[in-house]
Every structure is written in C-alpha cells, then in structure tokens.
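Colleague: Quick one: the structure is below, questions incoming.
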Amino acid sequence: MVLVPALGCDWGPTVSSAVSFLLTALIVGYIFAGKIWEEARMEAIARITVLAGALMIFYVISVPSLADWAPAIKEVWWVGGWFTVESMVLARVIFINVVMVLVLGFIGSYVGSMLRKPVKSQK
C-alpha cells in the first residue's frame, strides 16, 4: 500500500508483495535459525519455503471470493468467456505469487539464518 502512490496501481502492489515476502522470510530465518542450523540447513529452508508456497496457493485461490475482484474481466464476450479469462488470470496470479514466495522465501530464510549464528553448547 505504501508503494502504490509512488509506483502506481500496476507495480505498487507487486513490489510491496515482494518486499513483504522477503522481510517475512528474513524474520522467519532469524527466529528459527537455531532449528535450521541443527538440521540440514538447505533441507530445512526448502521445507519452510515449500510450506509458504502452499499457503500462498490457498490464499490466492480465495481472492475471487472477495467482492468483484476483476470487473474488467467480466466485460468479455459471454459467461463462458469471462469464466475462462478469469481462470487464466487466477492461474497467472497463483504462478507469479508462488514463484516470488519460493525464490524470495528461500533467499530471505537463508540470509536470516545466517544473521544469527548457533550458540555453542557449554558441555
């Protein structure tokens, strides 16, 4: 929402989403750094990222239930036409968001886990 006045309605939400995905992944990586370092680091980060991607799929699928999310799509030919176009737009949005979550989530979790080194045990 902050970047919409500066970047417009096309790029503002996309850049805001990318920044929020990266910051969220950084925070998750930092908080769970101890657990990530205990296990195989890449495997743990990959599991966290895949879980975030799956949650993003469920979130984006629920977007059409919001009030009239794409009125421009409904101006297409007939009922079957707008349903097809709306399904294609939803598939594109799911793909873009899941790819962003996977890439930025992996990078953010990795960097976040690197910011907090594991504590050496005092045995």
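Colleague: Taking the residues in the stretch 69-120 that are surrounded by fewer than 12 Cβ atoms within 10 Å (Cβ to Cβ) and modelled with pLDDT of 70 or more as candidates, determine which candidate is nearest to Trp11 (Cα to Cα).
Modeller: Arg92
Colleague: Restricting attention to the stretch 14-31, which residues are hydrophobic (A, V, I, L, M, F, W, C) and surrounded by 18 or more Cβ atoms within 10 Å (Cβ to Cβ)?
Modeller: Phe21, Leu22, Ala25, Leu26, Val28
Colleague: Can you work out which of the residues in the stretch 28-45 that are of a type in the set (A, V, I, L, M) and either part of a loop (DSSP other than H, G, I, E, B) or under 14 Å from the mean Cα position of the chain (by Cα) (or both) is nearest to Leu104 (Cα to Cα)?
Modeller: Within the stretch 28-45, the match that is nearest to Leu104 (Cα to Cα) is Val28.
Colleague: When residues of the stretch 1-27 are filtered for being touching a Gly at 6+ places or on another chain (Cβ under 8 Å), under 19 Å from Val101 (Cβ atoms) and either in a helix (DSSP H, G or I) or free of Cβ contacts under 8 Å to residues at least 12 places away in the same chain (or both), how many remain?
Modeller: 7
The values are calculated or read from the model by the stated rules, or taken from the named source; none is laboratory data. Worth saying up front: this structure is predicted, and the values here are computed from it rather than measured. Here Cβ is always computed from backbone atoms with ideal geometry, including for glycine, and neighbour counts include all displayed protein chains.
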